[in-house]
Amino acid sequence: MAIQYLALSTMIVLYTLMFIGGYVSAAGLGLTCPEWPMCPDGIMPSEEYLIEWIHRLVAATTASLVVATMIASLINKNSDFKIKVTSSLATVLVITQIALGAMVIDMKLHAVLVAVHLGIGIFLFSMVLLTTLFAFRISKVSISSKV
C-alpha cells in the first residue's frame, strides 16, 4: 500500500515543481541564481536568489521521490511490467531534466533548451501520472485477490 502513497506524493511534488518552474520562467527569474547547482551565497541563499533556490530544492526532492518510486515498483512483488517501465522512464527523464536545467543556466536561458526542458517536464509528469495510476491498480488487484 505504501507504493501508492509514494507515487501520489511524487506526482503532487512534481506538479508543485512545474508550477514553481512556470513562475520562475514567467517572472523572468531564471538567471537570478546564475550558478549551478548552488547560488552564490551557498546553501542558504539571500532574498534575491530565494525563488530560484526553492525551485532547485523542490527539483532535488522530486528527483529523490521519483527514484524512490522506481525502486519501490521494482521490489514490489505485485508490480506488473507497466509500472516498472513508467517508473524507470520517469527516473531517466528526471535525470535528463536535472542535466537540462544545468544546461539552461549555463547557456543563459537558450530558448531551444528552455522549450526542451518544458517538453521533457510534461513527458515526466505523464510517466509519474501513469505510475501513480498503475500503483493504485496494484492496490485494487491485491485487495480483490484477497477476498
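The values are calculated or read from the model by the stated rules, or taken from the named source; none is laboratory data. No experiment lies behind these values; they were computed from the predicted model shown. Note that we place each Cβ from the backbone using ideal geometry, even for glycine, and neighbour counts take in every protein chain shown.
Side notes on the structure shown:
- The combined condition, being loosely packed, with under 14 Cβ neighbours inside 10 Å, more than 22 Å from M18 (Cβ to Cβ) and modelled with pLDDT under 95, is fulfilled by S142.
- Among residues of the range 25-49, those that are outside any loop (DSSP other than H, G, I, E, B) and either within 16 Å of the chain's Cα centre (by Cα) or not hydrophobic (A, V, I, L, M, F, W, C) (or both), counted: 5
- Scanning the range 69-87 for residues being hydroxyl-bearing (S, T, Y) and modelled with pLDDT under 95 gives a total of 1.
- Residues that are buried (at least 17 other Cβ atoms within 10 Å of the Cβ) and in contact (Cβ under 8 Å) with a residue 40 or more places away in the chain, drawn from the range 71-108: A72, S73, S79, I83, T86, S87, A90, G101, V104, I105
- Test: residue in the range 41-62 that is more than 22 Å from T16 (Cα to Cα), at pLDDT 90 or above and of a type outside the set (S, T, Y): no
- Scanning the range 109-121 for residues that are surrounded by 12 or more Cβ atoms within 10 Å (Cβ to Cβ) and β-branched (V, I, T) yields V114, V116, I120.
- Any hit, the range 8-24, residues being assigned to a loop (DSSP other than H, G, I, E, B) and more than 16 Å from I105 (Cα to Cα): no
- Residues in the range 54-70 that are surrounded by fewer than 19 Cβ atoms within 10 Å (Cβ to Cβ) and not aliphatic (A, V, I, L, M): T61, S64.
- Residue match in the range 57-78 (condition: among the basic types (K, R), within 19 Å of the chain's Cα centre (by Cα) and within 24 Å of A7 (Cα to Cα)): no
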